[in-house]
Amino acid sequence: MNTQELDREYVAGTYARFPVTIVEGKGSIVKDVDGKEYIDLTSGIAVTSFGACDEIWYKAVCEQAAKIQHMSNLFYTEPCAKLAEMLCDRTGMRRVFFSNSGAEANECAIKTARKYAADTKGPDYHTIITLKNSFHGRTITTLSATGQDHYHEDFRPLTPGFVHAEANNLEYLKALIDAHKTAAIMIECVQGEGGVVPLSHEYVRGIADLTYENDILFIVDEVQTGNGRSGQLYSYMNYGVKPDIVSTAKGLAGGLPLGATLLGEKVKDTLTAGSHGSTFGGNPVACAGAISILGRINDELLEGVKRKSRILFDSFTGSEGIEAVTGMGLMIGLKTTKPAKEVVNDCIAKGVLALTAKDRVRLLPALNIPDELLVKAAEVIKSCCA
Ligand SMILES: *Cc1c(COP(=O)(O)O)cnc(C)c1O
């Protein structure tokens with residue numbers, strides 16, 4: 001059997017995979033088993049921040065793997081401590097809990113919020129408000145946080161204590177805060193799986209004010225939007241707000257599994273020995289990879305992300321078969337006249353890898369994709385939309 005036949009026989013059928021088997025890549029070009037090359041505008045869903053097998057990343061990861069690949073969290077390792085320092089320096093947050101995925105980073109955010117509320121107000125202040133059309137993960141609790149009902153079907157009962165507010169409606173939010181004993185409000189500044197929909201500035205600033213006034217924690221899920229993708233290190237920085245807790249994962253370690261929950265001043269001592277943990281979290285190889293990525297997400301790189309974003313917005317806006325262009329930085333959604341899935345299948349046949357998010361075409365290129373490749377890929381996408 002070939003890879004696709006083996007996979008269909010033995011791997012759980014949770015993914016509607018495209019009929020392409022990728023074997024290798026370099027930067028923003030990946031190659032399939034037949035030697036066909038593709039321009040990759042997916043980055044493994046915003047994971048490979050500097051593309052496939054980036055040399056600096058690869059060297060950092062291999063050097064660490066040759067030293068020590070894993071130690072239990074009952075001992076200290078340098079990459080974990082150094083990465084935590086870097087994340088705090090860059091954000092003003094105070095401490096970091098490391099895990100292995102976005103869902104786990106959100107689980108930690110939720111546990112921290114519940115414990116902070118229990119410690120300061122009492123355990124009945126446990127409600128967490130999230131938004132309709134949000135996505136926060138696939139574990140039962142992060143699924144409960146996710147404000148899209150179709151993900152919930154077949155998995156009830158869900159974790160209690162989550163209510164979903166309508167996005168960009170502060171009055172609705174105030175009513176929920178009045179009706180529930182609330183521990184936290186959790187948002188994505190750009191709803192990724194929800195169709196690449198940015199929240200309004202007024203709304204995000206309003207949430208920051210409401211949470212501050214009511215001593216409710218403000219959690220921002222930066223799993224997809226984080227680590228340079230929005231044109232700032234974290235997308236909340238585009239809104240001039242300061243969350244209490246930030247969760248991140250996907251692009252953090254450039255292609256290795258790593259989640260991080262950044263804890264601000266209020267909650268820096270909420271988690272204590274024994275209150276949370278992870279066997280693999282803070283793994284030295286993943287952290288070494290992350291250090292090599294984070295160290296290069298500087299002003300120059302972020303300017304490049306914004307420039308490349310403008311190239312895409314300018315190229316797609318008003319193009320035949322494209323009804324709307326949404327998003328921020330290198331996280332872009334296209335509302336197309338043809339069904340998004342059809343457009344993406346056509347793009348793949350023509351050598352460009354793209355994704356969908358709900359009814360949109362979604363583009364998540366590497367942060368350092370060369371302009372020429374980006375322009376070339378955009379032309380192919382436009383031809384598929386027309
Ligand atoms: C992908 C994603 C998650 C879940 O991350 P996993 O690593 O798949 O667990 C959570 N929140 C957002 C916003 C995401 O985009």
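Would you mention how many residues in the range 49-60 are more than 16 Å from the ligand (Cβ to nearest atom), closer than 20 Å to LEU302 by Cα and either in a loop (DSSP other than H, G, I, E, B) or touching a residue at least 24 places away in the same chain (Cβ under 8 Å) (or both)? Total meeting the criteria: 6. If you check ALA165, ALA179 for being more than 30 Å from PRO365 (Cα to Cα) and exposed (fewer than 14 other Cβ atoms within 10 Å of the Cβ), only one passes: ALA179. Checked against (1) surrounded by fewer than 22 Cβ atoms within 10 Å (Cβ to Cβ); (2) in contact (Cβ under 8 Å) with a residue 60 or more places away in the chain; (3) in a strand (DSSP E or B), MET186 meets all criteria but (1).
Going residue by residue through the range 158-178, is there one that turns out to be modelled with pLDDT of 95 or more, on the phi < 0 side of the Ramachandran plot and in contact with a Cys (Cβ under 8 Å, 6 or more places away or on another chain)? Looking through the range 158-178, none of the residues is modelled with pLDDT of 95 or more, on the phi < 0 side of the Ramachandran plot and in contact with a Cys (Cβ under 8 Å, 6 or more places away or on another chain).
Among the residues making up the range 206-231, those that are within 16 Å of the ligand (Cβ to nearest atom) and in a loop (DSSP other than H, G, I, E, B) are GLU222, VAL223, GLN224, THR225, GLY226, ASN227, GLY228, ARG229, SER230.
Among the residues making up the range 362-386, those that are under 17 Å from the mean Cα position of the chain (by Cα) and of a type outside the set (Lys, Arg) are LEU363, LEU364, PRO365, ALA366, LEU367. Remark: pairs (first residue in the range 28-48, at positive phi; second residue within 13 Å of the ligand (Cβ to nearest atom); Cβ separation under 6 Å; 6+ apart in sequence or on different chains) = SER43/LEU364; ALA46/GLN224; ALA46/ARG229; ALA46/LYS250; ALA46/GLY251; ALA46/LEU364.
When the range 23-60 is limited to residues that are in contact with an Asp or Glu (Cβ under 9 Å, 6 or more places away or on another chain) and hydroxyl-bearing (Ser, Thr, Tyr), the one that is farthest from ILE293 (Cα to Cα) turns out to be TYR38. Restricting attention to the range 142-162, the residues that are crowded, with 21+ Cβ neighbours inside 10 Å and either β-branched (Val, Ile, Thr) or over 19 Å from ASP221 (Cβ atoms) (or both) total 2.
From the list TYR10, TYR38, TYR15, pick out the single residue that is at pLDDT 95 or above and either of a type in the set (Lys, Arg) or surrounded by 13 or more Cβ atoms within 10 Å (Cβ to Cβ) (or both). Exactly one residue qualifies, and that residue is TYR38. The conditions of being surrounded by 21 or more Cβ atoms within 10 Å (Cβ to Cβ) and out of contact with any helix residue (DSSP H, G or I) (no Cβ under 7 Å at 6 or more places or on another chain) are met by GLY192. For the range 317-324, the condition of being out of contact with any His (no Cβ under 9 Å at 6 or more places or on another chain) and under 18 Å from ARG229 (Cβ atoms) holds for none of the residues. Listed by position, the helices (runs of 4 or more DSSP H) inside the range 61-180 whose residues that are touching an Asp or Glu at 6+ places or on another chain (Cβ under 7 Å) and among the β-branched types (Val, Ile, Thr) number at least 2 are 140-145.
The values are calculated or read from the model by the stated rules, or taken from the named source; none is laboratory data. All values derive from a computational prediction rather than experimental measurement. All Cβ positions, glycine included, derive from the backbone under ideal geometry; neighbour counts span all protein chains shown.
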